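Notes follow the structure.
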Amino acid sequence: MSHEGSNKAIIAALVANVCIAVLKFLAYFLTLSSSMLAEGIHSLADSGNQLLLLVGGKKAKRQASPEHPFGYGRERYVYAFIVSIVLFSVGGLFALYEAYQKVQHPHGIEPQWAWVPVAVLLGAIALESRSFYVALQESNAARGKRNLIQFIRTSKAPELPVVLLEDAAALVGLVFALFGVSMTIVTGNGLWDAAGTALIGLLLVCVAVILALETKSLLLGESATVEDVRAVEAALVGPGVSSIIHLKTLHLGPEELLVAAKIAVSECETGAQIAAAINAAELRVRAAVPIATVIYLEPDIYAEQAPAPKP
């Protein structure tokens, strides 16, 4: 998946969320609806999150240094993890706190302003739907045969899964807010507004936990996909390399893969022949899996252990 595709989805989501946040806060100041305040803070948090993803992508492009010899590719994972924290605290916990406050002091929405939150929420749904459509398009181009859930679970690049989850949560949250506001207008009971706000908070907390768990796995270090491992195994074996004794892979970043393997060579080969075989194997691996940017191959004489004699 190209990083440019991720940036397109991020920028589309950023523009939508900034516009939506302004409208939601305007609706809140006119109606004092807790659902609108929670949704405004949600959109503001999402806007900050998209900026964090863009910053992480830019920092990840820095060249390797003596202190970071494998580069800065994991910056994208770090910033994606920060996004989950922001979504949990600024989005989810704030909404739950606001719902609690509204339960303590419920109030309805003034009739002359009743149309404002409904109009803003319907407009926000249209804008978020457009952002979600762009994220879906970019994800469909990147996920291959995986469904969306598998894509979110297995993607090594965090940006598109983050935007997908945020946009999906935003759409569902808008529905919750529309429900709470509409019921408050119809009944005059502010507790419906509080209920909508609480649902938004619970939704954001759940999405934040999912993001945190998935990003934590990437931060700890994940191996290559099954397809890439098979491609590396097939590419390693060739002239001068009879088999693979063991193989380990590790993502240094979404588009950077470390490959370390112990390979079996013939005991009758000279040092020059072994070196040539290793160089050729590296070329084959990079051709088969272009993201294999760092390759370490250790030659060894491999002989299977003879079976124990029968008594």
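The values are calculated or read from the model by the stated rules, or taken from the named source; none is laboratory data. Quantities reported herein were computed from a predicted structural model and do not represent experimental measurements. Neighbour counts are summed over all protein chains in view; Cβ atoms, including those assigned to glycine, are modelled from backbone coordinates with ideal geometry.
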Listed by first then second residue, the pairs whose first member lies in segment 1-24 and is outside the structural domain of residue 132 (by TED's automatic domain parsing) and at pLDDT 85 or above, whose partner is in a helix (DSSP H, G or I) and surrounded by fewer than 16 Cβ atoms within 10 Å (Cβ to Cβ), with beta carbons under 8 Å and at least 6 positions apart or on separate chains, are none
Of all residues making up segment 185-241, the number that are among the β-branched types (Val, Ile, Thr) and in contact with an Asp or Glu (Cβ under 9 Å, 6 or more places away or on another chain)
3
Take residues that are closer than 28 Å to residue 152 by Cβ and tell me which of the strands (runs of 3 or more DSSP E) falling wholly in segment 239-308 contain 2 or more.
243-253, 256-264
Could you list all residues from segment 253-302 that are more than 23 Å from residue 71 (Cβ to Cβ) and acidic (Asp, Glu)?
267, 269, 300
When segment 139-151 is checked residue by residue, the ones that are under 13 Å from the mean Cα position of the chain (by Cα) and either crowded, with 21+ Cβ neighbours inside 10 Å or more than 24 Å from residue 216 (Cα to Cα) (or both) are 139
Output yes when any residue across segment 109-132 is under 17 Å from the mean Cα position of the chain (by Cα), closer than 25 Å to residue 171 by Cα, touching a residue at least 12 places away in the same chain (Cβ under 8 Å) and assigned to a helix (DSSP H, G or I), and no when none is.
yes
Given the criteria closer than 20 Å to residue 85 by Cα and among the basic types (Lys, Arg), does residue 248 qualify?
no
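Conditions (1) more than 17 Å from the chain's Cα centre (by Cα); (2) not hydrophobic (A, V, I, L, M, F, W, C), marked per residue:
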residue: 135; (1), (2): no, no
residue: 167; (1), (2): no, yes
residue: 183; (1), (2): yes, no
residue: 196; (1), (2): yes, yes
residue: 228; (1), (2): yes, yes
Within segment 221-238, how many residues are within 17 Å of residue 157 (Cα to Cα) and not hydroxyl-bearing (Ser, Thr, Tyr)?
6
Pairs under 8 Å by beta carbon, first residue more than 13 Å from residue 124 (Cα to Cα) and without any contact (Cβ under 8 Å) to a residue 40 or more places away in the chain in segment 35-50, partner of a type in the set (A, V, I, L, M) and in a helix (DSSP H, G or I), six or more apart or different chains?
47/14; 47/18; 47/21
For residue 154, are the conditions met, namely being surrounded by 21 or more Cβ atoms within 10 Å (Cβ to Cβ) and among the β-branched types (Val, Ile, Thr)?
no
Could you look through segment 191-213, keep only residues that are touching a residue at least 24 places away in the same chain (Cβ under 8 Å) and under 17 Å from residue 108 (Cβ atoms), and pick out the one that is surrounded by the fewest Cβ atoms within 10 Å (Cβ to Cβ)?
191
I need the helices (runs of 4 or more DSSP H) fully contained in segment 135-230, keeping only those with at least 2 residues that are within 30 Å of residue 97 (Cβ to Cβ) and of a type outside the set (A, V, I, L, M).
159-187, 191-220
Among the residues of segment 111-154, write down those that are over 22 Å from residue 19 (Cα atoms), out of contact with any Leu (no Cβ under 9 Å at 6 or more places or on another chain) and among the hydroxyl-bearing types (Ser, Thr, Tyr).
154
Every residue from segment 45-71 that is crowded, with 20+ Cβ neighbours inside 10 Å and either touching a Lys or Arg at 6+ places or on another chain (Cβ under 9 Å) or of a type in the set (Lys, Arg) (or both)
53, 56, 57, 60
Checking residue 113 against (1) modelled with pLDDT under 90; (2) closer than 29 Å to residue 52 by Cβ, which test does it fail?
(2)
